[in-house]
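The values are calculated or read from the model by the stated rules, or taken from the named source; none is laboratory data. In this text the structure is predicted, and so the values were computed from the model without any measurement. Methodologically, a virtual Cβ is constructed for each residue, glycine included, from the backbone with ideal geometry; neighbour enumeration extends over all protein chains shown. Please note that ligands, DNA and RNA were not included when accessible areas were found on the heavy atoms of the full protein model with its side chains. Shrake-Rupley method; radii C 1.70, N 1.55, O 1.52, S 1.80 Å.
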Amino acid sequence: MAGAGQYNLHSAPQHVASRFGLDLLERAASKLPLEPARGVVIADYGASQGRNSLLPMSVAIATVRERLAPPTPISMVHTDLPENDFAALFTTLRDDPDSYLRADPAVFSFASGRSFYEQLFPAGSVSLGWSSITVHWLSAPPTAIRRHIFSPLASTNERAAYAARAAEDWTQFLVHRRAELVPGGRLVIVGSGADAGGRSGAEGLLDLANDVLAEMVSDGALAPGVYERMVIPTYYRTREEFIAGLGAASVAEGLELESCSEDALSDPLWSEFQRTGDLDTYARAMSDFTRAFSEPSLFGPVAVRGPLQATADEFYARLTQAIKGRPERAASNWHLVLLSIRKR
Ligand SMILES: C[S@@+](CC[C@H](N)C(=O)[O-])C[C@H]1O[C@@H](n2cnc3c(N)ncnc32)[C@H](O)[C@@H]1O
């Protein structure tokens, strides 16, 4: 995600998405086996800069606290990749008026800067796991996508490679969570998924972005070789693909699916535009939102971006104009898959 706190500022759709999982999270937290002597560990897998975790983690803490009063400690561990902006995360936890740290002096926050495709915690130590809008990010792109940047719009063969990598990654994710959870512990996932036809609901926006990149190639603003390597390494699993991962022997022996449902997240930026009619603000907000999740993937981490920084600035400026020209095409209708999983 874009650093310097930019993801926190431009992630309204992800913020709304997390609300779809709150009931599930509360129910999962109310059923946890709790032992006052051990304390409780809650893991927030793929926390980014933390703003969108505040409400779900407050719900989890409040639910646990109904059964386990202070001073029993609750350890909250936010995990993300090493390059994540952890400074923004801890500043948010300290300064945001909605931070769970303000409400409960016996909650302690920590971070883990490792991929969730590895084991992050000692075996049998996590009571409750939460992960919202994260597991569509793959461990690595399995192949280039020659004429696009978004796997739902890749060629058949390219899509097959993404589907295979996504299946492997999901199994790895579950195998490691199986090891980490305490018996009876729960994992709640708000997944950015796909409908039965493999559509995420954001094809219009990402196709518009791809058109802008193609236009930059044709007028010499972007080298063709750079464009061909550009990809957002995500895959949007259908409900069936999510469920299939729980059937793998290495997973099924230890984890069972408690519930799986689907929902649609209508675009909060589009709703705001419908309310205000302010096209400039809508186009900028949509472009900033796209930048916050796509810039490091498309243009590289800031530290190594070099001359591509100016190209990135130009791309997102052009994207803003393109959205102004086709505002309805950029509006997304994200497909969510919600899962609650129990450790046997
Ligand atoms: C779209 S953000 C979602 C952040 C937050 N959960 C929310 O609800 O807004 C996806 C996050 O997943 C993280 N992520 C992607 N792949 C990861 C991996 N393999 N291990 C840990 N975190 C990962 C990204 O760095 C990013 O911060």
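Values computed for the structure shown
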{"item": "Any pair with Cβ under 7 angstrom, 6 or more apart, that starts in region 53-74 at a residue that is in contact (Cβ under 8 Å) with a residue 24 or more places away in the chain and ends at one that is aromatic (Phe, Trp, Tyr) and open to solvent by 10 Å² or more (accessible area, probe 1.4 Å)", "result": "73/108"}
{"item": "From 303, 249, residue being closer than 28 Å to residue 130 by Cα, at pLDDT below 95 and of a type in the set (A, V, I, L, M, F, W, C)", "result": "249"}
{"item": "Residue in region 11-30 that is more than 9 Å from the ligand (Cβ to nearest atom), loosely packed, with under 15 Cβ neighbours inside 10 Å and farther than 30 Å from residue 273 by Cα present", "result": "yes"}
{"item": "Enumeration of residues in region 197-228 that are open to solvent by 30 Å² or more (accessible area, probe 1.4 Å) and under 21 Å from residue 262 (Cα atoms)", "result": "197, 199"}
{"item": "Single match in 17, 60 (criterion: farther than 24 Å from residue 266 by Cα, out of contact with any Pro (no Cβ under 8 Å at 6 or more places or on another chain) and aliphatic (A, V, I, L, M))", "result": "60"}
{"item": "In region 129-161, residue modelled with the lowest pLDDT [restricted to those that are among the small types (Gly, Ala, Ser) and away from the ligand (no atom under 14 Å from the Cβ)]", "result": "144"}
{"item": "Those residues of region 162-183 which are open to solvent by less than 10 Å² (accessible area, probe 1.4 Å), away from the ligand (no atom under 14 Å from the Cβ) and closer than 18 Å to residue 240 by Cβ, in sequence order", "result": "162"}
{"item": "Residue check for residue 119: within 8 Å of the ligand (Cβ to nearest atom), in contact (Cβ under 8 Å) with a residue 12 or more places away in the chain and part of a loop (DSSP other than H, G, I, E, B)", "result": "no"}
{"item": "Top-ranked residue in region 205-230 [being more than 19 Å from residue 155 (Cβ to Cβ), assigned to a helix (DSSP H, G or I) and more than 16 Å from the ligand (Cβ to nearest atom); ranked as farthest from the chain's Cα centre (by Cα)]", "result": "218"}
{"item": "Failed item in (1) in contact (Cβ under 8 Å) with a residue 60 or more places away in the chain; (2) touching a Gly at 6+ places or on another chain (Cβ under 9 Å); (3) assigned to a helix (DSSP H, G or I), with residue 162 passing the rest", "result": "(2)"}
{"item": "Filter result (under 15 Å from residue 112 (Cβ atoms) and among the basic types (Lys, Arg)) within region 33-60", "result": "none"}
{"item": "Residue selected from region 38-66 under the condition charged (D, E, K, R) and modelled with pLDDT of 95 or more, by the criterion surrounded by the fewest Cβ atoms within 10 Å (Cβ to Cβ)", "result": "66"}
{"item": "Failed condition for residue 257, given (1) assigned to a helix (DSSP H, G or I); (2) surrounded by fewer than 20 Cβ atoms within 10 Å (Cβ to Cβ)", "result": "(1)"}
{"item": "In region 56-92, the residues that are in contact with a Leu (Cβ under 7 Å, 6 or more places away or on another chain) and within 14 Å of the ligand (Cβ to nearest atom)", "result": "56, 59, 60, 78, 79"}
{"item": "Matching residues, region 269-287, being open to solvent by 50 Å² or more (accessible area, probe 1.4 Å) and under 11 Å from residue 316 (Cα atoms)", "result": "284"}
{"item": "Residue pairs meeting the criteria (Cβ under 9 Å; at least 6 apart or on separate chains; first closer than 11 Å to residue 131 by Cα and open to solvent by less than 10 Å² (accessible area, probe 1.4 Å), in region 184-196; second part of a strand (DSSP E or B) and among the charged types (D, E, K, R))", "result": "187/342; 187/343"}
{"item": "Every residue from region 93-116 that is more than 12 Å from the ligand (Cβ to nearest atom), open to solvent by 30 Å² or more (accessible area, probe 1.4 Å) and either in a loop (DSSP other than H, G, I, E, B) or on the phi > 0 side of the Ramachandran plot (or both)", "result": "96, 97, 98, 103, 105"}
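Conditions tested, residue by residue: (1) crowded, with 21+ Cβ neighbours inside 10 Å; (2) in contact (Cβ under 8 Å) with a residue 60 or more places away in the chain; (3) closer than 30 Å to residue 225 by Cα.
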site: 81; (1), (2), (3): no, no, yes
site: 90; (1), (2), (3): no, no, no
site: 128; (1), (2), (3): yes, yes, no
site: 145; (1), (2), (3): yes, yes, yes
